[in-house]
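Chemist: Take this structure first; my questions come after.
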Amino acid sequence: MSIQVGDPCPVFSLPNQEGKSISTADFIGNKILVIYFYPKDDTPGCTKEACSFRDEHADFEGMGCQVIGISSDSIASHLQFATKYKLDFHLLADTQKTARKLFGVPGNLFGLIPGRVTYIIDRKGIVRGIYDSMRDAVGHITEAKNKVKELAAEEAVS
């Protein structure tokens, strides 16, 4: 079953590109989270998506947001990808597809290619937005940024 808007964000820990364990619990209560699942490091669409998140990273941080990318690639693959493209956010190695299963991220092309889905989670740990598009890699950044702006504005009012 897939995570839906209004559901709590699953709590999990995975290693990032430096081998450091990163947990969603570390951010819930402190930051808005943008968690994006992508198929594979250093492929055209995934590189475009990651570089777009990198290019907008300062804006996301300025709104109190942490961006996290997740694929089933290894720590070594993530490190090479992050270094090559100067990615300044966590890339988590979900080699056993644990997080992908917790979120219920669908596959595409008969399940042969892992799906590309972005989740926007508020500070309380509730999923407030989902963007699912395999073809529109850059659209994930636009959709996420718009939702994060909306959440930041809501927080400023309350």
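Chemist: Starting with the highest mean, order 124-131, 65-72, 2-9 by the number of other Cβ atoms within 10 Å, averaged over the residues of each peptide.
Modeler: Put in order of decreasing packing, that is 65-72, 124-131, 2-9.
Chemist: Pick from Q17, Q96, Q80 the residue whose mean-square fluctuation is largest in a GNM of the chain, springs joining Cα atoms under 10 Å.
Modeler: Per the Cα network of the chain with a 10 Å cutoff, Q96 tops the list.
Chemist: Using the Karplus equation 6.51 cos²θ - 1.76 cosθ + 1.60 (θ = phi - 60°), what ³J(HN,Hα) coupling, rounded to whole Hz, does each residue of the range 46-53 give in order, writing x for Gly and Pro?
Modeler: 5, 5, 4, 5, 4, 5, 5, 4
Chemist: Another question, if that's okay. As a footprinting exposure proxy, order L79, L102, L87, L92 by other Cβ within 10 Å, with the fewest listed first. Before the final figure, lay out each step's value.
Modeler: Details: L79 18, L102 15, L87 21, L92 27.
Final ranking by Cβ density, sparse to dense: L102, L79, L87, L92.
Chemist: Moving on. Considering only A99, A50, A76, give the residue with the highest GNM mean-square fluctuation for the chain, with springs between Cα atoms whenever their separation is below 10 Å.
Modeler: A76
Chemist: Pick from S74, S21, S52 the residue whose mean-square fluctuation is largest in a GNM of the chain, springs joining Cα atoms under 10 Å.
Modeler: The residue with the greatest mean-square fluctuation here is S21.
Chemist: Here is a follow-up. Rounding to the nearest 10 and keeping the result within 0 to 90°, find how far the Cα-based axis of helix 139-157 lies from the longest principal axis of the chain.
Modeler: With both axes taken from Cα atoms, the answer is about 20 degrees.
Chemist: Mind putting a number on the dipole of the chain about its Cα centre? Charges go on the C-beta only, +1 for Lys and Arg and -1 for Asp and Glu, and I need it in Debye to the nearest 20.
Modeler: 280 debye
Chemist: Continuing with this model, one more query. Given the -39500 (n - 2.57) contribution per DSSP H run of 4+ residues, what per-residue ellipticity at 222 nm results for the chain, rounded to the nearest 500 deg cm²/dmol?
Modeler: When only DSSP H runs of four or more count, the value is -10500 deg cm²/dmol.
Chemist: In percent, what relative contact order does the chain have, based on Cα pairs under 8 Å that are 6 or more apart in sequence?
Modeler: Once divided by the residue count of the chain, the mean separation gives 31 percent.
Chemist: Answer rounded, prolate or oblate for the chain, using the Cα gyration tensor with square roots of eigenvalues a ≥ b ≥ c: rounded when a/c is under 1.5, else prolate when a/b is larger than b/c, else oblate.
Modeler: Verdict is rounded for the chain.
Chemist: Would you kindly derive the ³J(HN,Hα) couplings of the range 96-105 from the backbone phi angles with the Karplus curve 6.51 cos²θ - 1.76 cosθ + 1.60 (θ = phi - 60°), listing them in order in whole Hz, with x for Gly and Pro?
Modeler: Working through the residues one at a time gives 9, 6, 4, 5, 4, 5, 4, 7, x, 5 Hz.
Every number in this text was worked out from the coordinates using simple rules, so none of it is lab data. Source: prediction; values computed, not measured. When we count neighbours, we look across all protein chains shown, and the Cβ atoms used for this are built from the backbone with ideal geometry, even at glycine.
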